[in-house]
Amino acid sequence: MNIVRCIPLAVALTSALAGSAQRVVINELQCAGEGPDRVELLNTGERPADLSGLRFSLNERTATLEQHVILGANERSVIVFGKAADADPPHIGFGLPSTGGTLLLISADGSSILDLFTWPAMPAGVSIGRQPDGGTGWSFFSSPSFGIRNAPEPTLRAVSAPPQAQPPGGIVAKGSLIEMGNGKGTSVRFIRDGSEPTEQNGFNYTAPIAIEDNTVIRARSFAEGALPSTTFTGTYITTLLSTPWVAVSGSPPDGRDKASSDGTVELFGFSAPGICEVRLRESGSGSRSFPKRNLKLEARGHGKLPWPGLDEGNEAILRADATPHAFLRNRFMECVVKATGSHVDVQASLPVELYLDGDYRGLYRWMPPKDEDWLCTVHHYEALDVLHGPSLRKVDGDRKHFHAAYEALLDGAQLDTLETLIDVPSLIDLACFDLWTGRADHDLNVRCWRPKVPDGKWRWVLYDMDLWAPADDNSLARMCAEAAPVAPYLPQLLHAPTMRDRLLARMSALLATVLANGSARAAVDSLYRVHADALVRDHSRWSGEMEMPAPAEARDALFDFFEQRGPHVFEQLSERTGLGLRTITVAADPRSGGHVEVEDLPLPALPARLTAFSGVPLRLKAVAAEGFEFAGWKQLEGSDVITIDPRKTHKLTAVFRRTGTSSHHRLQESGEDRLAIGVP
């Protein structure tokens, strides 16, 4: 038989090491793969046995059963192993490796080994134990029997080898034939609807399988006296796509909160392609009202899922972007956050096309979950406090430290005090982005975190940036009218002069750079051109089932928003603060000599006009291009970095000269460079 045999009985299961006094044995064991693991103890003696203080030893790790447990004659007790903080006792702290091991049961005084149990590598969902119940034989059990007698038959002492398919999956031509290898003594059953093949479900493989359309094939091997093999899953796509794609088999339960199912995910076009067994469930609250839904994938066993731009993690999200304009809005804001210094955290995403059980489901974004593991990976911390939602409920760690930061913010504490508790640039960027988009659910989509270190400060995560307000919406008045203080705490930020000026200066810089009409249009146009084909296919797939504007309409709607939104935001902030608006012209002489940054953001082209608030200082920096050096400001004295008052400065020119050229020689130059001086 083409099967993987288990280790011999004499090694797999040994008992009676304590002689005739032996009464309590390890009767059944399971390595769950995801934990917790379980061990069943059986009292084979005629008198009650006290389990209190018994010790378990595995790979030089020893733990004591702390709970008081009396086991009557022929009674059994199930002990949970591994991470299970909420598990009912009895409980042992270390887990059981699914790759195999030997577990020793030692008397309370440590003087004798009562039993030992050695097991081989085991698939998830099965157990291994004594057969007959309490005897010296052994068997795998496809249906674990903890708390009841072990099944007397059939005896299973091997695991069938999984079938080998050629080709194993991927893009194939229509009419391709898939061959399944099956050794002597084994049979292969396969199915094409994404479900699990069993001896009752599926078809016997007798000839190569023809592929005429997108297909998921799942297959298992079966042999007498052996467990069925693990399941082979292969996704075959007959359409060539330019976008990376993800194939998921095993649909999650439809619309049921936190309900999950097991399946596999295959990745194509990734930096780390491959296949992984996963647990699937629907993710998010709002998306469940749409036919196109988010999926959350959790790797099973020892598998890992790659994250865009990072290593890998235990979970990943397939974001549906089902609301109108959502894909371009979310991708645009992701790019904006990165371009502006990533003061808030945003999940890096990879646009992919999804096949679910062979059915094309459109354009999704593959991304990490916004949880502690992701944040620790990004920022290299070991532990965090993470809070979520309008009530800032605890997700990880605790919320004690946040109360101090929250009270300081509401009390209008000085900037130096706030900076010991809060990452101020993070909160200010959150406020600017929330206000500029005017997103309707800003109060719900709140997540903040701090590293568990003595000087850890609170930062914010920006996510679900799809529900923007109309361009002329008075978002500032709406956000300031909240009944209770909620992020991004705009009334509090605008009340204290120092925080107000920081926020207004940052908004001026953003609206002159990445959120300026021209820059924002160019960014969205680039995103659209890269993903246009996938957007069109997605629109074709879903436009008949849900509200979905054509991709070009979504792009043009963003163009209209960019053109109108800036002036409205400036007017709202000016009216709220009572500070007038000023226009400052910034130029470079020569134009090719360098560029100017405002609040650390480079102005996209010079000469440029930026809008500022009267009396709110702006910090500018002249940056020379290669082969040039900064020679001074034409209108002001100062170094390359200066702070200006918009009430007094209306025109500013950064003068550059070629390296090694005197200032006098520079002033004698003519042509385009000279014409650039002071151009409004």
Any idea which residue in segment 69-92 is most open to solvent (accessible area, probe 1.4 Å), counting only those that are among the small types (Gly, Ala, Ser) and either assigned to a strand (DSSP E or B) or modelled with pLDDT of 90 or more (or both)?
73
Scan segment 251-274 for residues that are open to solvent by less than 40 Å² (accessible area, probe 1.4 Å) and either modelled with pLDDT of 80 or more or out of contact with any Gly (no Cβ under 9 Å at 6 or more places or on another chain) (or both) and jot them down.
253, 259, 261, 263, 264, 265, 266, 267, 270, 274
Would you be able to say whether some residue in segment 561-579 is under 21 Å from residue 612 (Cα atoms), of a type in the set (Gly, Ala, Ser), open to solvent by 30 Å² or more (accessible area, probe 1.4 Å) and not in a helix (DSSP H, G or I)?
yes
Filter segment 603-627 for residues that are closer than 22 Å to residue 501 by Cβ, out of contact with any helix residue (DSSP H, G or I) (no Cβ under 7 Å at 6 or more places or on another chain) and either surrounded by fewer than 17 Cβ atoms within 10 Å (Cβ to Cβ) or at pLDDT below 95 (or both) and give the result.
609, 614, 615, 619
Please go through segment 642-660 and pick out each residue that is outside any loop (DSSP other than H, G, I, E, B) and open to solvent by 60 Å² or more (accessible area, probe 1.4 Å).
643, 651, 658
Please determine whether any residue of segment 570-584 is at pLDDT 95 or above and within 22 Å of residue 632 (Cα to Cα).
yes
Subset tally (residues that are in contact with a Phe, Trp or Tyr (Cβ under 9 Å, 6 or more places away or on another chain) and open to solvent by 40 Å² or more (accessible area, probe 1.4 Å)) for segment 333-359:
2
Six or more apart or on different chains, Cβ under 6 Å: which pairs go from a residue in segment 98-122 that's charged (D, E, K, R) to one that's modelled with pLDDT of 90 or more? Could you list them?
115/25; 115/26; 115/105
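Any idea which of 95, 125 is at pLDDT below 90, under 15 Å from residue 64 (Cα atoms) and not in a strand (DSSP E or B)?
95
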Could you go through segment 144-151 and let me know if any residue there is aromatic (Phe, Trp, Tyr), on the phi < 0 side of the Ramachandran plot and surrounded by 21 or more Cβ atoms within 10 Å (Cβ to Cβ).
no
State which residue is least open to solvent (accessible area, probe 1.4 Å) when the search covers only segment 516-545 and only residues that are of a type in the set (Gly, Ala, Ser) and outside any helix (DSSP H, G or I).
516
Of all residues in segment 320-331, which are in a loop (DSSP other than H, G, I, E, B) and open to solvent by less than 30 Å² (accessible area, probe 1.4 Å)?
320, 321, 322, 323
Being over 30 Å from residue 314 (Cβ atoms), open to solvent by 20 Å² or more (accessible area, probe 1.4 Å) and at pLDDT below 90, is that true of even one residue in segment 22-31?
yes
Taking strands (runs of 3 or more DSSP E) that fall entirely within segment 186-246, which contain at least 1 residues that are out of contact with any helix residue (DSSP H, G or I) (no Cβ under 6 Å at 6 or more places or on another chain) and at pLDDT 90 or above?
186-191, 209-211, 215-223
Scan (1) in a loop (DSSP other than H, G, I, E, B); (2) crowded, with 18+ Cβ neighbours inside 10 Å; (3) in contact with a Lys or Arg (Cβ under 8 Å, 6 or more places away or on another chain) for the single condition residue 156 breaks and write down its number.
(3)
Of (1) at pLDDT 95 or above; (2) buried (at least 19 other Cβ atoms within 10 Å of the Cβ), residue 548 satisfies every one except (1)
Here are the criteria: (1) out of contact with any helix residue (DSSP H, G or I) (no Cβ under 8 Å at 6 or more places or on another chain); (2) in contact (Cβ under 8 Å) with a residue 24 or more places away in the chain; (3) buried (at least 18 other Cβ atoms within 10 Å of the Cβ). Tell me which single one residue 139 does not satisfy.
(2)
Considering every residue within segment 475-487, establish whether at least one is assigned to a loop (DSSP other than H, G, I, E, B), in contact (Cβ under 8 Å) with a residue 24 or more places away in the chain and crowded, with 19+ Cβ neighbours inside 10 Å.
yes
Can you confirm whether segment 596-611 contains a residue that is more than 24 Å from residue 521 (Cα to Cα), touching a residue at least 24 places away in the same chain (Cβ under 8 Å) and in contact with a Lys or Arg (Cβ under 7 Å, 6 or more places away or on another chain)?
no
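Of all residues in segment 443-500, which are hydroxyl-bearing (Ser, Thr, Tyr) and within 19 Å of residue 391 (Cα to Cα)?
Answer for segment 443-500, where residues must be hydroxyl-bearing (Ser, Thr, Tyr) and within 19 Å of residue 391 (Cα to Cα): 463, 489.
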Any idea which residue in segment 368-423 is surrounded by the most Cβ atoms within 10 Å (Cβ to Cβ), counting only those that are in a loop (DSSP other than H, G, I, E, B) and hydroxyl-bearing (Ser, Thr, Tyr)?
381
Residue count, segment 304-319 (criterion: open to solvent by less than 20 Å² (accessible area, probe 1.4 Å), under 22 Å from residue 261 (Cβ atoms) and either among the charged types (D, E, K, R) or part of a loop (DSSP other than H, G, I, E, B) (or both))
0
Residues satisfying the stated conditions in segment 123-136, i.e. touching a residue at least 12 places away in the same chain (Cβ under 8 Å) and out of contact with any Gly (no Cβ under 6 Å at 6 or more places or on another chain)
123, 125, 126, 127, 128, 129, 130, 132, 133, 134, 136
Within segment 168-185, restricting to residues that are among the hydrophobic types (A, V, I, L, M, F, W, C) and part of a strand (DSSP E or B), the one that is modelled with the lowest pLDDT is 171
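The values are calculated or read from the model by the stated rules, or taken from the named source; none is laboratory data. Because the structure is a prediction, the values reported are computed rather than measured. With ideal geometry, Cβ positions are generated from the backbone for all residues, glycine too; neighbour counts draw on all protein chains shown. Side chains included, ligands, DNA and RNA excluded: accessible areas come from the protein's heavy atoms. Shrake-Rupley method; radii C 1.70, N 1.55, O 1.52, S 1.80 Å.
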